[in-house]
Amino acid sequence: MNKSEIIKDAESRMKKSVEAIREEMAKIRTGRASTALLDHLKIDYYGNPTPLNQVATVSVSDARTLAVTPWDKSVIPSVEKAILESDLGLNPSTAGEVIRIPIPPLTEERRVEMTKLVKAEGENGKVAIRNIRRDANHHLKELLKNKEIAEDEEKKALDETQKLTDQYVEQLDKIVAEKESEIMEV
């Protein structure tokens, strides 16, 4: 690997880390309805664990209600069971072919809990980004040791890696701050 490949690889991996955290944040419940809330749910579909979005349409019917419309009526009990057994604390109610899921407002205690969870996820993302930086720096030092690059090239590359790290950590901070304000919004 040469210097530019190492930096491109690091940037690509940092981008993926930020995306992974963004997806995790979408799963964290706020007082507002979001289809991402149910993305990770698996339904028992004829004996196979199947993602909910592959057996039903999930939509937001209003700010505090989700609507799940299974394509096959026979899976309605499985969908309800999966929602009830999830760690989301939601109570679905079925009206004909549509399962309505009211999103209860969060209590102050639950908001504080969720904020801590958001901060922890953000920290995990920062740790992942710093680990990527460490790997990249290690590879750059190897290039210097093997005399494949000069010291000034290594210094520039290390600076570039640090700038990338700062840039992606800043993005994570922004994502965490947005999610925190969304959670604390009453």
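A short reminder: the numbers here are calculations on the coordinates, not readings from a lab. Not measured: the values here are computed from a predicted model. So basically every Cβ, Gly included, is an ideal-geometry build from the backbone, and we count neighbours across all protein chains shown.
Overview of values
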quantity	calculated
Dipole magnitude of region 35-102 about its Cα centre (Cβ charges: Lys, Arg +1; Asp, Glu -1), debye to nearest 20	80
Ranked list, fewest to most other Cβ atoms within 10 Å of each Cβ, for MET114, MET14	MET114, MET14
DSSP H segments from the chain that extend 15 Å or more along their own axis, Cα-based, with Kyte-Doolittle mean of -0.5 or above	none
Cα-centred dipole magnitude for the chain, charges only on beta-carbon of K, R (+1) and D, E (-1), debye, nearest 20	100
Computed E for ALA36/GLU5 - FRET, C-beta separation, R0 35 angstrom, nearest 0.05	0.55
Difference of contour (0.36 nm per residue) and Cα-Cα distance, ASN48 to GLU151	31.4 nm
DSSP-assigned coil residues among GluC sites (Glu not before Pro) in region 124-165, each with at most 15 further Cβ atoms within 10 Å	GLU148
Region 73-129-region 131-151 distance, computed between alpha-carbon centres (Å)	44
Mean separation of Cα contacts under 8 Å, 6 or more apart, over the residue count of region 35-102: relative contact order %	28
Where N is the number of residues in region 35-102, Cα Rg divided by 2.2 N^0.38 Å	0.97
Helix-only CD estimate at 222 nm, as mean residue ellipticity for the chain, using -39500 (n - 2.57) per DSSP H run (n ≥ 4)	-20500 deg cm²/dmol
